[in-house]
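Asks: After the structure tokens below, expect a handful of questions from me.
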Amino acid sequence: MTRKRPNLTVRILRRLRPWHRRIGISSTVFVIFMAVSGILINHSNQLSFDTTHVEQRWLLDYYGIKAPANINLFQQAPQQIVSAGRQVWLDGQLILEANNSVLAVMIYQRMIIAVDSQHLYLMSPQGELLETQNSATGLPTPIQKVGLQNGLWLRTQPGDYMADPDLINWSPAQPLTAISWVTALANTDHEALTTQIRASHLNWERVLLDLHSGRFWGSIGVWIVDLIAIALLIMAMSGCYIWLKQKPTSTKRNRK
């Protein structure tokens with residue numbers, strides 16, 4: 001007696017079920033990771049991931065965030081004011097990108113004043129840029145120092161200049177007493193300031209997004225995530241096919 005050969009649907013199901021199981025088992029860890037990271041991203045605001053900065057140096061190095069040059073601390077309290085190259089930071093937030101390296105930063109008439117060799121920047125106590133002065137507006141240049149002595153003073157290569165109370169006009173003058181020139185604070189923990197400035201460029205929400213999308217591992221990571229996503233699609237379609245083609249079996253018991 002010849003054995004009846006299974007039809008095409010049965011043969012397909014026999015081949016499909018093992019692969020369906022293999023794909024499902026191998027993708028379990030990935031699915032769990034995607035689910036957990038997705039939930040964390042959706043609630044990053046409540047969990048403060050969008051405002052919490054990454055301070056791990058190896059992670060900052062991995063993202064290529066380099067240490068700033070020429071860090072100077074000009075005020076520690078009540079607000080921390082730091083310059084780094086052409087940048088000015090207020091309590092860890094970048095408030096100014098100057099045209100040249102910042103020479104000094106100070107508080108004057110409740111405003112934040114920063115100077116480079118060719119410009120004077122006026123900012124609000126919150127760090128909003130209010131005005132930029134240069135030689136076209138009558139600012140004496142090149143600036144070497146900024147200081148206080150019954151008003152705001154600039155030391156330039158030609159000589160010293162004093163501003164009017166509104167900081168509009170500058171007049172050459174000779175101070176009656178020594179001018180208190182603004183200098184960076186001594187004994188500054190530059191390593192801590194460097195980490196703080198580097199960390200401000202990267203928050204944990206960005207890291208989670210990169211991990212979730214695969215961009216954390218570069219172009220290879222993106223391709224891996226794409227391949228796993230395709231595998232999940234195959235698993236979903238094969239599962240639907242198996243469910244549709246699977247005939248319910250019933251067992252009949254003969255009662256005696």
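Any read-out appearing in this document is the output of simple, stated calculations on the displayed coordinates, not a laboratory observation. Since the model is a prediction, treat every value here as computed from it, not as a measurement. Here the Cβ positions follow ideal geometry from the backbone for every residue, glycine too, while neighbour counts run over all protein chains shown.
Asks: Please pick out the residue among 160, 116 that is crowded, with 18+ Cβ neighbours inside 10 Å, within 29 Å of the chain's Cα centre (by Cα) and over 19 Å from residue 93 (Cα atoms).
Replies: 116
Asks: Filtering segment 119-147 down to residues that are among the hydrophobic types (A, V, I, L, M, F, W, C) and exposed (fewer than 14 other Cβ atoms within 10 Å of the Cβ), which residue is farthest from residue 172 (Cα to Cα)?
Replies: Among residues in segment 119-147 that are among the hydrophobic types (A, V, I, L, M, F, W, C) and exposed (fewer than 14 other Cβ atoms within 10 Å of the Cβ), the one farthest from residue 172 (Cα to Cα) is 130.
Asks: Exactly one of (1) of a type in the set (Phe, Trp, Tyr); (2) in contact (Cβ under 8 Å) with a residue 40 or more places away in the chain; (3) farther than 25 Å from residue 199 by Cα is unmet by residue 153. Its number?
Replies: Failed condition: (2).
Asks: Still on this model: Checking residue 219 against (1) of a type outside the set (D, E, K, R); (2) in contact with a Phe, Trp or Tyr (Cβ under 9 Å, 6 or more places away or on another chain); (3) closer than 30 Å to residue 50 by Cβ; (4) loosely packed, with under 12 Cβ neighbours inside 10 Å, only one condition comes out false. Which one?
Replies: Here residue 219 meets the rest and fails (2).
Asks: Also: Hey, does segment 205-216 have a residue that's β-branched (Val, Ile, Thr), closer than 18 Å to residue 104 by Cβ and surrounded by 12 or more Cβ atoms within 10 Å (Cβ to Cβ)?
Replies: no
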